[in-house]
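Notes for the one structure printed next.
The values are calculated or read from the model by the stated rules, or taken from the named source; none is laboratory data. Computed from a predicted structure; not experimentally measured. Every residue, glycine among them, receives a Cβ derived from its backbone with ideal geometry; neighbour counts consider all protein chains shown. In case anyone asks, the SASA skips ligands and DNA or RNA and just uses the protein heavy atoms, side chains included. Shrake-Rupley method; radii C 1.70, N 1.55, O 1.52, S 1.80 Å.
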Amino acid sequence: QVQLAESGGGLVQAGGSLRLSCRGPGSTFSLYAMGWLRQAPGAERELVAAISWTGENTYYLDSVKGRFTISRDKATNTLYLEMSRLKPEDTAVYYCAAGPPAIDNTLIDVRSWGQGTQVTVSS
């Protein structure tokens with residue numbers, strides 16, 4: 001299990017923005033695909049966005065396309081999720097995730113995740 005630590009969640013009004021960050025060991029960021037999962041109350045955990053280990057390829061859940069941007073900084077071992085035009089349905093606990101590349105378009109075979117950070121969007 002890779003140690004991952006998320007930060008940046010909080011309460012925001014609909015239409016607002018937040019940036020989530022995730023720090024992990026250098027070995028993880030050098031070799032693994034990375035991503036963000038989320039889980040809303042009563043719902044299953046879903047993959048929101050993913051990025052290849054090179055950073056050249058990205059995947060987004062349809063409902064966040066055009067609003068969320070995933071990026072990674074290998075120099076600082078940090079993964080980001082820029083979220084804009086947030087909606088109440090984006091309310092969830094967001095988890096940073098790591099894993100080997102997937103063979104499908106999701107890019108990541110999730111094997112590890114962090115403790116999560118709460119994002120709450122008020123209407």
For the chain, modelled as a GNM with alpha-carbon contacts under 10 angstrom, which of 26, 42, 55 fluctuates the most?
42
Quick check on the chain: what does the Kirkwood estimate of hydrodynamic radius come out to from the alpha carbon pairs, in Å?
14.1 Å
Residue 96 accessible area, nearest 10 Å², 1.4 Å probe?
0 Å²
Accessible carbon and sulfur surface of region 1-112 relative to its total accessible area, %, 1.4 Å
49 percent
Just from its helices, what would the mean residue ellipticity at 222 nm be for the chain, if runs of 4 or more DSSP H residues each count -39500 (n - 2.57) and the sum is divided by every residue, rounded to the nearest 500 deg cm²/dmol?
-1000 deg cm²/dmol
Could you compute how fast region 1-50 diffuses translationally, taking Rh as the Kirkwood radius over C-alpha pairs and applying Stokes-Einstein at 20 °C with viscosity 1.002 mPa s? Give it in µm² per second.
166 µm²/s
Taking a probe of 1.4 Å, how large is the accessible area per residue of region 32-87, in Å²?
49 Å²
Measure of exposure for residue 70: accessible area at 1.4 Å probe, Å² rounded to 10, is 10 Å²
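For region 66-123, what is one quarter of the convex hull surface built on the Cα atoms, given in nm²?
5.1 nm²
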Distant-in-sequence amide H partners of residue 33 (H built 1.01 Å from N, under 5 Å):
53, 99
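Would you list 73, 104 from the most to the least accessible area, probe 1.4 Å?
Values: 73 55, 104 80 Å².
Listed by decreasing accessible area, they come as 104, 73.
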Applying the Karplus parametrisation 6.51 cos²θ - 1.76 cosθ + 1.60 with θ = phi - 60° to the phi angles of region 12-17, what ³J(HN,Hα) value in whole Hz is obtained for each residue in order, glycine and proline being reported as x?
9, 7, 4, x, x, 10
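Of the chain, which part is the longest with no GluC sites (Glu not before Pro) in a loop (DSSP not H, G, I, E, B) and with at most 16 other C-beta atoms within 10 angstrom?
Longest site-free region, per DSSP loop and neighbour criteria: 57-123.
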